[in-house]
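Visitor: Provided herewith is a single structure, encoded as structure tokens, for subsequent inquiry.
A short reminder: the numbers here are calculations on the coordinates, not readings from a lab. This one's a predicted model, so the numbers in the text were calculated from it and none came from an experiment. Quick reminder, even Gly has a Cβ in these numbers, built from the backbone with ideal geometry, and neighbours come from all protein chains shown.
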Amino acid sequence: MMDRRQFAAALAGLPLTAALARPAAAQPADISTLVEAERAQAGVPALGAAVVGLQGAERLGVAGVRAWPDGPPVQPSDRWHIGSCTKAFTAALAARLIERGLIGWDTTVAGVLGGAGDPAWNDVSLLWLLSHRSGAEGNFDQALWEQMVARGGPLRDQRAWLVMEGLKTPPAAPPNTRTAYANAGYMIAGVMLETVADLDWEALIRREVFAPLGLTEAGFGAPGTPGRLDQPLGHVRGEDGAWRRIDLGPGDDNPAAAGPAGTIHLSLADWSRFIAAHLRADESYLSADSWRRLHTPGEPGWDYAPGWKVEAGDDGQTVLSHLGSNGFFVAQATLWPARGRAVLLTVNLADDAAGPAFGRLLETLK
């Protein structure tokens, strides 16, 4: 999710797809010395960076500790929570199910979930939801989240209940009249995908994204094993200004039901494999038409394509980007598809201290 504090306030029958055959990327060059210099200057617990080419990570480095101040050092294979950068995975999942004929970009909320909500939602399309054009608020009402958590049950049931209750309130703005970043829109889209595939989002992501792209170091929620420092912990700044680690357990992430909007964690190498598929528009994974839809705003004047903010770079070439945070980690992906290049950045804290380091690394590595 973009900001956990804002967030808190405001195929059954489908075959398991084998990993696609593709040339293996060479061992990435180690840029840990560069990353350590930026980490030390920023004074953050840990920092990671990867430069991605057509086959995966070409340069990769990590520096710092899993837990401030004296935890074990981070490792190149460690997993980082990427928050709202998850949205690109949900969009890729949508494209896969569209190619299977289970749903369409123009399929509406009413077409999948019926007309039980406010009528203003009925004609909202999957494309609008994934492009932040649905008119949805940034997040569903906090009271609904609290009720959902109290109800418990399987994640798919929790999500369905939350979305159906949320749809009883009309959109905050008339649909497709403005761009407004909305986690709620991705929750609605996620429930639509679960409904047409008759399988929960987590299983769908494993089958339709992780498995075919060979992502073996990916999962959901805060990474690591409770009671062990085997992965980076998230951090926040305490009242005394010092970093405070967030141990695994209740409150270490947004509610798990928020999955379609932002709960994935994974290694930099695995994230690079996903991004490399985008850079080469891998037609063994999705058709050329699907890649164009994922990388192109649906109409002139839109700021987002499904899963990505779309801008023109200094050279006029398209730049795809996304920033993500669950309130304890921050991650950023920046892609230059025409150049076949991307930069991924991660940090195990949620604080403005990461911003300058991200900016300098992006300028250096792009």
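Visitor: Using 7 Å Cα-to-Cβ label points, what is the Arg244/Gln75 separation (nm, one decimal)?
Guide: About 3.0 nm, to one decimal.
Visitor: So if we plug the beta-carbon distance of Ala120 and Val236 into 1/(1 + (r/R0)^6) with R0 = 45 Å, what FRET efficiency do we get, rounded to 0.05?
Guide: Efficiency, rounded to the nearest 0.05: 0.75.
Visitor: When only C-alpha pairs under 8 Å and at least 6 residues apart count, what is the relative contact order of region 175-327, in percent?
Guide: Answer for region 175-327 is 20 percent.
Visitor: Starting from the Kirkwood Rh over alpha-carbon pairs, what translational D in µm² s⁻¹ does the chain have by Stokes-Einstein at 25 °C and 0.890 mPa s?
Guide: Approximately 120 µm²/s, per Stokes-Einstein.
Visitor: So how strong a dipole does the chain carry about its Cα centre when Lys and Arg Cβ are +1 and Asp and Glu Cβ are -1, to the nearest 20 debye?
Guide: Approximately 440 debye in magnitude.
Visitor: What ranking do Asp78, Asp314 get, fewest neighbouring Cβ atoms within 10 angstrom at the top?
Guide: Least crowded to most crowded, the residues run Asp314, Asp78.
Visitor: Using a basic spin-label model with each label point 7 Å from the Cα along Cα→Cβ, how many nm lie between Asp30 and Gln147?
Guide: 5.5
Visitor: With θ set to phi - 60° and the Karplus curve 6.51 cos²θ - 1.76 cosθ + 1.60, what are the ³J(HN,Hα) couplings of region 27-36 in order, to the nearest whole Hz, using x for Gly and Pro?
Guide: Whole-Hz 3J(HN,Hα) from phi for region 27-36: 4, x, 5, 7, 10, 4, 5, 4, 5, 5.
Visitor: Contour minus end-to-end for Ala40 and Lys366, with contour as 0.36 nm per residue of separation and end-to-end as the Cα-Cα distance?
Guide: 115.3 nm
Visitor: Could you give me the radius of gyration and the Dmax of region 180-301, taking only the C-alpha atoms into account and expressing both in angstrom?
Guide: 17.3, 52
Visitor: So how far apart, in nm, are the two label points at Glu99 and Ala172 if each is 7 Å from Cα heading toward Cβ?
Guide: Result for the modelled spin labels: 3.4 nm.
Visitor: Enumerate the lysines that Lys309 could reach by cross-link, defined here as Cα to Cα under 28 Å, with residues fewer than 8 away along the same chain left out.
Guide: Lys309 reaches Lys87, Lys366.
Visitor: May I ask for the distance between the Cα centers of region 145-167 and region 215-250, given as a whole number of Å?
Guide: That distance is 25 Å.
Visitor: Next question, about the same structure. Please work out whether region 133-251 counts as rounded, prolate or oblate from its C-alpha gyration tensor, where a ≥ b ≥ c are the square roots of the eigenvalues and a/c under 1.5 means rounded, while otherwise a/b larger than b/c means prolate and anything else oblate?
Guide: oblate
Visitor: Going by C-beta contacts inside 10 Å, put Tyr186, Tyr181, Tyr285, Tyr304 in order with the fewest on the left.
Guide: Ordered by Cβ neighbours within 10 Å, fewest first: Tyr181, Tyr304, Tyr285, Tyr186.
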